[in-house]
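Data block below; observations after.
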């Protein structure tokens, strides 16, 4: 009979350091401070919304952002809703791509090796419209 390859509670407590995590955030700089300032000006983002946006763009979930900023998760959600409205984004990925695209186009020094990503949103198809783009 084969033994389960899943770790037991004993394995977890003995072999894993409390500082270790499968969900450690990568140490990646997506945008530098100058680029974040461009983004903040372009989308009229408040300083607190910018803090939330930076953490979200680094991959943190609402609960982790709330803990880091010492606010409630609902407050983070409200800030994100406001940022989405200002950037016309529907989710975190679109928001991040808009920030990167804008910063890449208007920053004097580009830290990206690739061309900017073109974001195309499609309108929902109805009986009277065919594939029309915004």
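The values are calculated or read from the model by the stated rules, or taken from the named source; none is laboratory data. From a predicted model like this one, the values you see are computed outputs, not experimental measurements. Reconstructed Cβ throughout: ideal geometry from the backbone, glycine too, with neighbour counts over all protein chains shown.
Taking the stretch 35-47, which residues are surrounded by 13 or more Cβ atoms within 10 Å (Cβ to Cβ) and either in a loop (DSSP other than H, G, I, E, B) or touching a residue at least 24 places away in the same chain (Cβ under 8 Å) (or both)? If the condition is that a residue be surrounded by 13 or more Cβ atoms within 10 Å (Cβ to Cβ) and either in a loop (DSSP other than H, G, I, E, B) or touching a residue at least 24 places away in the same chain (Cβ under 8 Å) (or both), then 35, 36, 38, 39, 42, 43, 45, 46 are the ones that fit. Condition first: over 18 Å from residue 94 (Cβ atoms) and buried (at least 18 other Cβ atoms within 10 Å of the Cβ). Can you find one or more residues in the stretch 70-84 that meet it? Within the stretch 70-84 (the criterion being over 18 Å from residue 94 (Cβ atoms) and buried (at least 18 other Cβ atoms within 10 Å of the Cβ)), the answer is no, since none of the residues qualifies. Residues in the stretch 50-103 that are in contact (Cβ under 8 Å) with a residue 60 or more places away in the chain and under 14 Å from the mean Cα position of the chain (by Cα): 96, 99, 100. Residues in the stretch 57-69 that are farther than 23 Å from residue 32 by Cα and either at pLDDT 95 or above or surrounded by 12 or more Cβ atoms within 10 Å (Cβ to Cβ) (or both): 67 only.
Scanning the stretch 58-89 for residues being closer than 20 Å to residue 41 by Cα, assigned to a loop (DSSP other than H, G, I, E, B) and touching a helix residue (DSSP H, G or I) at 6+ places or on another chain (Cβ under 7 Å) gives a total of 1.
Working carefully through the options 31, 50, 96, find the one that is modelled with pLDDT of 75 or more, surrounded by 15 or more Cβ atoms within 10 Å (Cβ to Cβ) and in a loop (DSSP other than H, G, I, E, B). Break it down into steps so the answer makes sense when it comes.
On the way: 50 fails: in a loop (DSSP other than H, G, I, E, B); 96 fails: in a loop (DSSP other than H, G, I, E, B).
Among 31, 50, 96, only 31 is modelled with pLDDT of 75 or more, surrounded by 15 or more Cβ atoms within 10 Å (Cβ to Cβ) and in a loop (DSSP other than H, G, I, E, B).
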